[in-house]
1. Please work out which one of (1) farther than 26 Å from residue 191 by Cβ; (2) in a loop (DSSP other than H, G, I, E, B) is the condition residue 300 fails and give its number.
2. For a quick check of your reading: which strands (runs of 3 or more DSSP E) sit entirely within region 53-123 and have at least 2 residues that are touching a strand residue (DSSP E or B) at 6+ places or on another chain (Cβ under 8 Å) and surrounded by fewer than 24 Cβ atoms within 10 Å (Cβ to Cβ)?
3. With 125, 90, 82, 145 as the choices, which residue is within 16 Å of the chain's Cα centre (by Cα) and not charged (D, E, K, R)?
4. Scan region 350-359 and give yes if some residue there is more than 25 Å from residue 532 (Cα to Cα), surrounded by 24 or more Cβ atoms within 10 Å (Cβ to Cβ) and modelled with pLDDT of 95 or more, otherwise no.
5. Within region 69-87, identify whether any single residue is modelled with pLDDT under 95, among the hydrophobic types (A, V, I, L, M, F, W, C) and farther than 17 Å from residue 126 by Cβ, and answer yes or no.
6. Which condition number does residue 267 fail, the rest of (1) more than 16 Å from residue 291 (Cβ to Cβ); (2) more than 27 Å from the chain's Cα centre (by Cα); (3) surrounded by 22 or more Cβ atoms within 10 Å (Cβ to Cβ); (4) not polar (S, T, N, Q) being met?
7. Here's a check for you: in region 461-513, which residue that is more than 24 Å from the chain's Cα centre (by Cα) and among the basic types (Lys, Arg) is farthest from residue 97 (Cα to Cα)?
8. For residue 285, indicate whether it is open to solvent by 50 Å² or more (accessible area, probe 1.4 Å), outside any strand (DSSP E or B) and at negative phi.
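The values are calculated or read from the model by the stated rules, or taken from the named source; none is laboratory data. Just so you know, these numbers come straight off a predicted model, no measurement behind them. We place every Cβ from the backbone using ideal geometry, glycine too, and count neighbours over all the protein chains shown. For the accessible areas, the whole protein counts, side chains as well, though only heavy atoms, and no ligand, DNA or RNA atoms are used. Shrake-Rupley method; radii C 1.70, N 1.55, O 1.52, S 1.80 Å.
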Amino acid sequence: MDMGLWWFLQAFVVAAFTLEPYFCHAETAPHYSFVQEASTAPEVSYHDYIVVGGGVAGCPLAATLSETADVLVLERGGSPYGKPEKTDKGNFVLNILDTFPDSFTEIFVTEDGVYSHRARALGGGSVINAGFYSHADLEFVKNSGLDEALVNDSYRWVEKKIVFEAPVSEWQAAVRDGLLESGVLPFNGVTHSHVNGTKIGSTIFDMDDHRHSAADLLEYADPKNIKVYLHATAHKIIFTQETAGSRPKAEGVIFEDESGVKHTALLTKNTKGEVIISAGAIGSPQLLMLSGIGPADQLEALGIEVVLDQPMVGQGLGDNPLNFLFVPSPEPVEVSLLSVVGIYLPTNYIEAGSGFNLLPSIGWIPDFILHFLNQTNISSFFDTRLKGGVILHKVARPLSTGYVELRSTDPTETPKVRFNYFKEPEDLEMCVRGMQTVIDVASSESFSDFRFRLIPTQLLVDLVALVPFNLRPRSLDTAKSLEQFCNDTVMSFWHHHGGCSVGKVLDHDYKVLGVDGLRVVDASTFNFTPGTNPQATIMMLGRAMGVRIQKERGIREVHPTSYVHTMNSDEL
């Protein structure tokens with residue numbers, strides 16, 4: 001045989017075996033053979049890693065770990081692929097207001113009297129959010145303890161799969177120009193970077209307005225090494241101690257399927273396996289407490305055996321206050337979600353959306369809003385689509401924090417949640433400044449085509465003050481004072497963070513202090529929300545921590561950029 005041909009064949013065989021996990025058995029969303037209902041799980045199973053939560057962090061984390069180890073993912077929600085049109089851009093409002101049992105959203109009311117949402121779907125919050133994609137600020141990366149090269153590589157790993165150019169519609173262009181006219185300078189063009197001024201970010205909606213989510217990152221997974229169970233509710237983490245007084249070690253998870261049958265997933269013996277919680281800022285501290293790690297007095301009051309008295313679990317919970325102005329338009333406007341953002345002062349962000357579809361599923365809208373629409377002339381601004389849009393303000397780094405506390409030992413019950421919006425006067429001051437900028441944008445010449453010229457801006461403030469978007473008491477001065485307006489009309493931006501903070505509950509490797517074999521990797525580890533919108537950084541964190549764990553085990557010797565990207569058809 002010709003030696004040139006011999007070396008070619010040998011190289012081909014080596015390449016085939018080396019790349020076989022990526023090409024020969026690569027699976028694409030939504031056709032994942034490894035995603036199954038939890039009811040199909042055996043009574044007992046063994047795995048190298050057990051990831052609780054198949055959300056924004058859990059999916060990239062599990063996909064990365066599956067490159068070299070056996071991974072189980074327990075997701076309490078269902079698959080976003082069964083009804084893909086439900087999560088399209090045009091159905092954004094309908095998706096987050098859906099209260100049917102199979103919805104991707106769990107709506108709850110905080111102790112502050114504010115409506116909020118938790119995702120319950122494979123892909124987590126990326127299945128129900130507004131899609132905006134932007135990197136964290138440099139300070140966050142520095143404080144995270146992650147290698148900057150790994151951070152940047154992990155962002156690119158995410159972006160190759162699910163990130164697209166954000167369209168700038170007429171409404172978004174008016175917001176952009178209005179921000180610049182209002183002094184939110186300079187214009188930074190299209191960028192993922194977190195920089196002061198006005199910029200255009202990216203989105204997880206493609207050019208056909210179809211949503212892509214963190215669940216799509218499971219395309220990177222080795223299907224032979226991963227199992228994902230849906231409707232799998234984790235009840236508690238199993239701990240063992242070799243001797244009395246020794247450090248507890250996580251050994252597995254007890255979970256329940258949709259029929260109420262319990263299953264046990266255990267870590268494989270003689271491995272350096274771990275249980276990794278990625279259940280979000282509410283779910284992760286909740287599971288720790290249900291498992292006996294938390295404030296001892298609260299756990300004992302509920303009859304939970306205390307594994308570790310850790311009073312900081314559930315503390316430091318934060319959310320970014322949202323206040324907004326509704327701007328009715330003389331004519332219908334296109335559907336647009338967040339594309340443009342104004343970043344000014346260290347802690348203020350301005351974003352906007354328009355033309356939200358409200359039909360055909362009008363019944364999903366809360367009754368109190370329907371009653372208001374029927375009783376006022378404002379109903380003329382609603383047809384099958386909102387005739388106008390909203391300009392939003394977000395306090396980026398609120399100093400006010402709250403807590404998560406268990407109501408019961410039922411893991412399906414949302415715990416008691418309080419964010420203490422505007423408890424610190426500095427947060428209220430930021431809101432007042434931000435809402436003044438929102439008013440300036442709405443009043444700008446750039447925005448004039450989208451305004452009824454005979455409706456003064458104060459009337460728009462009055463309008464928002466009238467609608468009970470939360471359950472907080474209204475003051476007679478709600479519309480007269482921006483301070484009172486911020487307090488009375490505050491909503492959640494759904495950017496929940498904290499509750500398992502690094503340095504208090506976790507070490508800088510995201511390992512739970514005081515126990516072995518247990519980490520938390522999600523937004524509950526953050527002391528503040530990274531960047532304008534956190535999903536990019538949470539997905540990055542999942543990928544980066546997966547690589548870091550592999551390095552700790554001595555598995556990954558190569559530079560992180562060595563991953564193989566499965567090419568899309570338009571790249572061929």
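1. Evaluating residue 300 over (1) farther than 26 Å from residue 191 by Cβ; (2) in a loop (DSSP other than H, G, I, E, B) leaves (2) as the failure.
2. Output list reads 105-109, 115-119.
3. Numbers: 90 fails: within 16 Å of the chain's Cα centre (by Cα); 82 fails: within 16 Å of the chain's Cα centre (by Cα); 145 fails: within 16 Å of the chain's Cα centre (by Cα).
Selected residue: 125, the only one of 125, 90, 82, 145 that is within 16 Å of the chain's Cα centre (by Cα) and not charged (D, E, K, R).
4. no
5. Checking region 69-87: not a single residue is modelled with pLDDT under 95, among the hydrophobic types (A, V, I, L, M, F, W, C) and farther than 17 Å from residue 126 by Cβ.
6. (1)
7. Per the stated criteria, the residue is 480.
8. Criteria not met by residue 285.
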